[in-house]
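Just below is one structure, and these are the notes that go with it.
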Amino acid sequence: MKETLYSIRHPEGREPEVGAAGPSKGELDAKFEKLLEDVEKNSVFIPVPERVKRAEELIGQTVAAAGAMELNVDIERYDDRVEFCFYDDAGLYCGALRQFFGKMFLICDDVMMYPPKRSPSSPSKFHWNIIFTYYTHRHLVSGREINNFE
């Protein structure tokens, strides 16, 4: 017997407002490019020692888990974070794998899951790409903090 206790659907989008035309795509692209340049030029990264240490521990644990559980993973370090990108070919999380991913969900600051792009030129055997992000540095742009973690 199946019992639905709660169900809700949210609208996927709003109708575009009809009115004055906004900036052209070219103008928006130029403004966005300028914004990216400003962020790049005016960014300061301040390490948070306990988070840097925790990231090193996560890297070690991930390398060990990848070897023990035959996980496909890329670990990438950026100016302010470490990203753990898993290429999941099972889609099923049991036992040690469930515990490992559960810990990553709890510890990491951001998680992104998406199915890989499939095309005739790049067939993929993977069901999901899962990216866990752990921030190690505070990020300030022109003196204002971009709050990625608390």
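Would you list, by chain and number, the aspartates and glutamates whose Cα falls below 14 Å from the Cα of residue 41, excluding same-chain residues fewer than 8 positions away?
33, 79
I'd like the FRET efficiency for residue 38 and residue 87, computed as 1/(1 + (r/R0)^6) with the beta carbon distance as r and R0 of 35 Å, rounded to 0.05. Walk me through the numbers on the way to the answer.
Details: r = 34 Å, r/R0 = 0.98.
It comes out at approximately 0.55.
Rounded to the nearest 20 debye, what is the charge dipole size of the stretch 55-119 about its Cα centre when +1 sits on each Lys and Arg Cβ and -1 on each Asp and Glu Cβ? List each step's numbers first, then the result.
On the way: 6 positive and 12 negative charges, 68 e Å.
It comes to approximately 320 debye.
Values in this text are rule-based calculations from the coordinates and carry no lab data. None of these values were measured; they are calculated from a predicted model. With ideal geometry, Cβ positions are generated from the backbone for all residues, glycine too; neighbour counts draw on all protein chains shown.
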